[in-house]
1. Based on DSSP H runs of at least 4 residues, each adding -39500 (n - 2.57), what is the mean residue ellipticity at 222 nm of the chain after dividing by all its residues, to the nearest 500 deg cm²/dmol?
2. Applying 1/(1 + (r/R0)^6) with R0 = 41 Å to the Cβ-Cβ distance of residue 433 and residue 528, what FRET efficiency is obtained, to the nearest 0.05?
3. So for 616, 530, fewest C-beta neighbours within 10 Å to most, what's the order?
4. Taking a point 7 angstrom from the Cα of residue 589 along the C-beta vector, which residues in the range 564-579 have backbone N less than 19 Å away?
5. Treat the range 470-677 as a sphere of radius equal to its Kirkwood radius over Cα pairs and apply Stokes-Einstein at 4 °C in a medium of 1.567 mPa s; give the translational diffusion coefficient in µm²/s, rounded to a whole number.
6. FRET efficiency for residue 310 and residue 177, Cβ-Cβ distance as r, R0 = 45 Å, nearest 0.05?
7. Against the longest alpha carbon principal axis of the chain, how many degrees, from 0 to 90 and to the nearest 10, is the axis of helix 490-505 turned?
8. Would you please report the Å³ per residue occupied by the convex hull of the alpha carbon atoms in the range 476-546?
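What follows draws every value from the coordinates through simple rules; no lab data is involved. For clarity, every value in this text was computed on a predicted model and none was experimentally measured. Because the Cβ atoms are built from the backbone with ideal geometry, glycine has one as well, and the counts that use them run over all protein chains shown.
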């Protein structure tokens, strides 16, 4: 670390760097809890660069990916004077697909400009299955033909802008766009990994943006990815990421949930409709009569999947928020088996059409003689890949055993999900047994490495603390006097508590809620009672809301779970973090319930309490971001002070001074406000 530019000495950073270097050298593993301000990214990047190994760094947030690639890695390389290549690698759907764009430009088929609200990139459904550009509420009532035409024209204009950008971009990375394309527009010019036939079988494979990114990653010494891409690599048996010698997992507290999602299944009626629509368009392009109303095998295969999707939606509505038994059982199990059969029939039609259009002639398609030539073969092949993948996932839900959980979620986007109950076997077999691994986070739960499959005899677990003086900089206030949440007066009391604290802080507040309903209710009441702007999650994009909180002198931001982590607002713009209640998992959450059952009588201690402690620590960690930040974390849940598990939760949070006296919290906040603004105390009017 001494080779880096001069700065303050951080003992925790040095301790972490030494532990990481030792793990790289010995082939062992290390789990490091490194509090905010430690500088953990440099603490693992310096030994990674010095190790002469090819290292993959996986992190949870795009913000940290950008920081690593644009700030930290250049700093390390300059400081070490060591020639190192690095690259950022993202999932395939983040890159524009030249083949899709060429097909759009050549075929000019309007239906490809209409994509569903709830499906992944690359799926192009019928115009009638989605009203492009509508809000979620507007999807319930389908707009008129004129409204649909207006939306279609808007999406078409976005696609034209994307085509202009494609001619000048070197990366094709969506993140480099100067505008945010709608889901339908981007879906029209991108493909998911499940749909891509691979560079050797694609006419545009030689100039593919995603393949170019993979090539850069394959030539790099340090490759920065996100946790979802790591999960995709594990799911595919190591076919997604380039070969590497070591792995660093930052924000590792999110690893278990991300891997469970990545290794599981997510099938919605909208996805089925999208697949059917993409298949219809491909079949028509290949010269197969598959339009609505036609009595042909291709048309019947498409209609059968659409009909199955409609019934699937009804069945999911009846099973909303329920966990399904092994084998699924009942009508929903029978229907999933029926959908597997219907997707197989549709896949057979696509296979025949692809072969007839030239899709089976050698490694590179594009020599077909049917209508659309190579484009038709490519469209059939892409649609076939998506259909086959969905069929396999549905079949896996039917065959899921006791080590997997299958459940249904409802709402605007009903879906059936499955996830492995335990991801440690996969991690042990594919990761910990193959290379040295570093797990790190500011809120790393104790025992996470063992729970994820790390062998105890070669794994070191350390906590290097934080350089911040939390006892001087912060105050943890628990509103122990508030009434029990089950009493009718509790909500009004919480609103009064927030008002008093925000007035003392002079605004400058991030209020975090465990439910959207509680957030909206509090914002509705307090917007009229507070003299400063009250920003609410959902009004504007997350980045815009955070910029407003940072730049305005006294704004308040009310938000839910997506703001509990990854929010960095240093300085006097944020001096109060309010947490409305302890973030325990919902009792009826199917995956959490299954994990609880597997843990038996220790379910609360092993599942609910660690999860709540980590989230609570993450929420509290939004406050002190630099050595000069000061403020109050206010937890409006009396259980933190009264429950037997309260001390466990408090120990997981930054070690600030503690109080149950609101007047002490208000005085501390008023003092900070006066120092920052030169203005005296703010009192309730």
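1. On the way: 25 runs with 296 residues, N = 685.
Per the formula, -13500 deg cm²/dmol.
2. Details: r = 59 Å, r/R0 = 1.45.
Using R0 = 41 Å, I get an efficiency of 0.10.
3. Details: 616 26, 530 18.
Exposure proxy ranking, most exposed first: 530, 616.
4. 564-567, 579
5. Values: Rh = 17.3 Å.
So the translational diffusion coefficient is about 75 µm²/s.
6. Details: r = 35 Å, r/R0 = 0.78.
Rounded to the nearest 0.05, the efficiency is 0.80.
7. Roughly 70 degrees between the two axes.
8. Values: hull volume 7.8 nm³, N = 71.
Cα convex hull per residue, to the nearest whole number: 110 Å³.
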